[in-house]
Amino acid sequence: MPVKRKEDKDKIPVKKAKPKEKKVTTFEKVAGKITQFSGSSYAFVTAVVLVLAWVVTGPIFDYSETWQLVINTGTTIITFLMVFIIQHSQNKDTLALQLKLNELIIAVSGASNELVDVEDLREDDLKTLRAHYEKVSVSPMNKNSNLLKKKRKTNSKN
């Protein structure tokens, strides 16, 4: 049973949206499997074996233009397709991460709810927000740099 905090009664109740039960598309299944495989050591070994096989067959095909065309065409097609697979995976991961961060912002009392969905702002608005938070932040790095400046002043006096 969740523990209710004193601040909870002041919060506006947020109705949680339940995700619709949707069947995963064939593209998402295939893209997920390709992404998992392409990041594995098996994929690297497979690529090395294919390149070595191509190199070994060079003398057999007398290093012909067709022999060169095979590796060039193959790598071009794979690279072209992987761009879309990787981008799809990145978009999905980014969306999931943003949703998790939004949930944390909403759940933490005292956090600014204005930052929920901040990723939808224009770039210049994001830079303005970053500048604002840099001014108001009290990070250990800022404290340390101020301490270093004070130490340098006292050391230069001695």
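Laid out as a table, the results:
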item	result
From the options Ala96, Ala47, Ala43, residue that is closer than 23 Å to Gly32 by Cβ, at pLDDT 90 or above and in contact with a Phe, Trp or Tyr (Cβ under 7 Å, 6 or more places away or on another chain)	Ala43
Single residue of region 101-117 satisfying the filter (assigned to a helix (DSSP H, G or I) and at pLDDT 85 or above) that is most open to solvent (accessible area, probe 1.4 Å)	Leu104
Those residues of region 29-56 which are loosely packed, with under 13 Cβ neighbours inside 10 Å and among the hydroxyl-bearing types (Ser, Thr, Tyr), in sequence order	Ser40, Ser41, Tyr42
Only listed residue being of a type in the set (S, T, N, Q), surrounded by 13 or more Cβ atoms within 10 Å (Cβ to Cβ) and without any contact (Cβ under 8 Å) to a residue 24 or more places away in the chain, chosen from Gln68, Gln90	Gln68
Yes/no for Ile60 being surrounded by 11 or more Cβ atoms within 10 Å (Cβ to Cβ) and modelled with pLDDT of 70 or more	no
Filtered residues of region 29-58 (kept if touching a residue at least 12 places away in the same chain (Cβ under 8 Å) and under 25 Å from the mean Cα position of the chain (by Cα))	Ala31, Gly32, Ile34, Thr35, Ser38
Only one of Thr94, Thr73, Thr79 that is part of a helix (DSSP H, G or I), of a type in the set (Ser, Thr, Tyr) and more than 24 Å from Lys29 (Cα to Cα)	Thr73
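The values are calculated or read from the model by the stated rules, or taken from the named source; none is laboratory data. What you see is a predicted model; the values in this text were computed from it and never measured. All Cβ positions, glycine included, derive from the backbone under ideal geometry; neighbour counts span all protein chains shown. What goes into the accessible areas is simple: the full protein's heavy atoms, side chains included, and nothing from ligands, DNA or RNA. Shrake-Rupley method; radii C 1.70, N 1.55, O 1.52, S 1.80 Å.
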